[in-house]
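The values are calculated or read from the model by the stated rules, or taken from the named source; none is laboratory data. Not measured: the values here are computed from a predicted model. Cβ placement follows ideal geometry from the backbone for every residue including glycine, while neighbour counts extend to all protein chains displayed. Ligands, DNA and RNA are excluded from the accessible area calculation, which covers all protein heavy atoms including side chains. Shrake-Rupley method; radii C 1.70, N 1.55, O 1.52, S 1.80 Å.
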Amino acid sequence: VDGGLFPHLKGPSDKGTALDQLLPHYRDSGKARTVALGDSVNDLPMLAKADVAVLLPRPDGSWNGRLREQLPHALLAPRPGPAGWAEAVLDVIESRR
């Protein structure tokens, strides 16, 4: 599956499977909300399962077309990389989306 920088070979698990393992520990409290951020197809299973999905642009500012198609209601981070990630997380926290 394509990643942000290079293709990934994977077995029977993905980032969505990892999220499935974590969710029961946090959702039982009734207070948790999951936010996932990603920029490539290998992030899709995780983004699709999160309460809030945030798409990060690529370094050139473009968006992964498959993610935009599969997650039309996802929030869009303002810029790529760690700076965009941080701004998007703060926006989610402050706006309570």
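If you check residue 63 against the conditions, is it in contact with a strand residue (DSSP E or B) (Cβ under 7 Å, 6 or more places away or on another chain), open to solvent by 40 Å² or more (accessible area, probe 1.4 Å) and part of a loop (DSSP other than H, G, I, E, B)? Give the derivation first.
Working: in contact with a strand residue (DSSP E or B) (Cβ under 7 Å, 6 or more places away or on another chain): yes; open to solvent by 40 Å² or more (accessible area, probe 1.4 Å): yes; part of a loop (DSSP other than H, G, I, E, B): yes.
When the stated conditions are applied, residue 63 passes them.
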Quick one: how many residues across region 53-95 are under 14 Å from residue 35 (Cβ atoms) and touching a helix residue (DSSP H, G or I) at 6+ places or on another chain (Cβ under 9 Å)? 9
Could you grab me the full set of residues in region 66-97 that are acidic (Asp, Glu) and in contact with a strand residue (DSSP E or B) (Cβ under 8 Å, 6 or more places away or on another chain)? 91
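Among the candidates 57, 78, 72, 82, single out the residue that is open to solvent by less than 40 Å² (accessible area, probe 1.4 Å) and either over 20 Å from residue 17 (Cβ atoms) or not in a helix (DSSP H, G or I) (or both). Let's see the steps before the verdict.
Details: 78 fails: open to solvent by less than 40 Å² (accessible area, probe 1.4 Å); 72 fails: open to solvent by less than 40 Å² (accessible area, probe 1.4 Å); 82 fails: open to solvent by less than 40 Å² (accessible area, probe 1.4 Å).
Going through 57, 78, 72, 82 in turn, just one is open to solvent by less than 40 Å² (accessible area, probe 1.4 Å) and either over 20 Å from residue 17 (Cβ atoms) or not in a helix (DSSP H, G or I) (or both): 57.
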Among (1) assigned to a loop (DSSP other than H, G, I, E, B); (2) surrounded by 20 or more Cβ atoms within 10 Å (Cβ to Cβ); (3) among the acidic types (Asp, Glu), which single condition is residue 43 missing? (1)
